[in-house]
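Notes follow the structure.
The values are calculated or read from the model by the stated rules, or taken from the named source; none is laboratory data. Just so it is clear, the model here is predicted, and its values are computed rather than measured. Every residue, glycine among them, receives a Cβ derived from its backbone with ideal geometry; neighbour counts consider all protein chains shown.
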Amino acid sequence: MAYLTLRGINKIYPNGYHAVHDFNLEIEKGEFIVFVGSSGCGKSTTLRMIAGLENISKGEFYIDGERANEKGPRERGVAMVFQSYALYPHMTVYDNLAFGLELQGVDDDVIEQRVKSTAAILGLTDYLERLPRELSGGQRQRVAVGRAIIRKVDIFLMDEPLSNLDAKQRVTMRSEITQIHRETGATTIYVTHDQTEAMTMADRIVVMKDGYVQQVGTPYDLYFEPTNMFVAGFIGEPPMNFIESRLENGKLDINSNIVDLSFAADREVLEKYEGKDIVFGFRPEAVKVVKDEPVENAYNFSCVVELVELLGDNTNVYVDIYGTSSILKVDPHESPAINTGFEFAVPYGSVYLFDKETEKRIKLRK
Ligand code: ADP
């Protein structure tokens, strides 16, 4: 196991493109870190700098406290799993697994023992004599993971390893990778654009956008305490709803519908943002359906139902709230009909406010 330090890491590609800006992170021994963000935000570039496959333009990188900027990939003690599997097509599963160890000059009987134990962990024992083309996508990805774990390195790097698998295989492999991490204890960095993978697998998540780190935190922190609108909208499915408004006299004016914020926020906070454009945020799953009486300790809203999607355990209700589209997660038995009026409530404790100009979250309580 190793601990890693990234200090002020930048990547400027030879064509001048500045792909990663001032990336700072301390990764503890044995941690499972996930880099998440939309395509092109700099996740792979950062991972490749850690792997030694891209040079670091500016900043310092340490493994176990020792500067590693100048170290080659082999010297860093890392194993990487790619999206494309990168298996040798003409070699059997056995040889694909054994290859890295053979290069290191490991004894044949040790290799055989490690191939067998790795295959057993990954459920590949019956496939050792097959070629990659004779395997399913999920099995190929297992071989790719096997090639990484067989080397018993301290650091695993995984770049979108599940993106070629179908939805069901992804869920299975997700828990297998988590299990393997628990067994090996290797420090792991995992890149994905999928927030569900990030939330389910990570000890801590690094959310990136346009080459900048937006927030680093546990899945719990990112979901409940997002630092800005990007993180609030990226983490959670369906995403958080945002309604634009203006704060006047401590009250939000949402298209002439008034929300008295004094129940959700401290007076000092309201005074600071008086007269500003404010974004009112709430998660689809935070809402309660209003039946006969208004819901207490909550903001009650009226809306018009535009679309209803039954998912089984819940329905996604697409609504128009005073001119803004939003999604509400509702119990299927309470689900409304399309084109009808509908009332729902957002509990005071589930309200998120953002400064529209900076997109930063406004802490409601001191
Ligand atoms: P992600 O992994 O988050 O999808 P990448 O790290 O692959 O993003 O890419 C970040 C940005 O850097 C993208 O805009 C991409 O086009 C750019 N980029 C990647 N590789 C190169 C390269 N070799 N030269 C110039 N720009 C690159």
task = For V20, work out the one condition from (1) at pLDDT 95 or above; (2) more than 21 Å from D210 (Cα to Cα) it doesn't fulfil.
result = (2)
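Filter the stretch 1-10 down to residues that are under 16 Å from V206 (Cβ atoms) and surrounded by 20 or more Cβ atoms within 10 Å (Cβ to Cβ) and give me whichever is farthest from the ligand (Cβ to nearest atom).
From the stretch 1-10, those under 16 Å from V206 (Cβ atoms) are 3-10; that's our starting set.
Okay, now just the ones that are also surrounded by 20 or more Cβ atoms within 10 Å (Cβ to Cβ), so 4, 6, 9.
Details: L4: 18, L6: 15, I9: 12 Å.
Only one residue tops the list, namely L4.
For a quick check of your reading: which helices (runs of 4 or more DSSP H) sit entirely within the stretch 182-278 and have at least 2 residues that are free of Cβ contacts under 8 Å to residues at least 24 places away in the same chain, surrounded by fewer than 21 Cβ atoms within 10 Å (Cβ to Cβ) and assigned by TED's automatic domain parsing to the domain that holds I9? Working first, answer last.
Working: elements: 195-201, 219-224, 229-234, 267-272.
By residue number, 219-224.
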query = Going through the stretch 279-313 one residue at a time, which ones are within 18 Å of D331 (Cβ to Cβ), assigned to a loop (DSSP other than H, G, I, E, B) and touching a residue at least 40 places away in the same chain (Cβ under 8 Å)?
reply = R283, V287, V290, V295
ask   = Would you say Y13 is crowded, with 18+ Cβ neighbours inside 10 Å and either within 16 Å of the ligand (Cβ to nearest atom) or more than 26 Å from the chain's Cα centre (by Cα) (or both)?
value = no
request  = Considering every residue within the stretch 29-52, establish whether at least one is under 22 Å from the mean Cα position of the chain (by Cα), more than 16 Å from the ligand (Cβ to nearest atom), within 30 Å of Q139 (Cβ to Cβ) and not charged (D, E, K, R).
outcome  = yes
task = Return yes when L162 is surrounded by 20 or more Cβ atoms within 10 Å (Cβ to Cβ), part of a loop (DSSP other than H, G, I, E, B) and in contact (Cβ under 8 Å) with a residue 12 or more places away in the chain and no when it is not.
result = yes
Boolean, E112 is surrounded by fewer than 16 Cβ atoms within 10 Å (Cβ to Cβ) and either assigned to a helix (DSSP H, G or I) or touching a Lys or Arg at 6+ places or on another chain (Cβ under 8 Å) (or both) = yes
task = Being under 22 Å from P239 (Cβ atoms) and either more than 16 Å from the ligand (Cβ to nearest atom) or over 17 Å from the mean Cα position of the chain (by Cα) (or both) narrows it down to one of A167, A186, A198, so name that one.
result = A167
task = Might you check whether a residue that is assigned to a strand (DSSP E or B) and farther than 14 Å from E244 by Cα occurs anywhere in the stretch 319-326?
result = yes
query = Here are G72, G52, G30: which of them is touching a helix residue (DSSP H, G or I) at 6+ places or on another chain (Cβ under 9 Å) and without any contact (Cβ under 8 Å) to a residue 40 or more places away in the chain?
reply = G52
note = So, first residue under 11 Å from T92 (Cα atoms) in the stretch 125-152, second residue buried (at least 19 other Cβ atoms within 10 Å of the Cβ) and small (G, A, S), Cβ within less than 8 Å, six or more apart or across chains; the pairs are Y127/A119; L128/A119
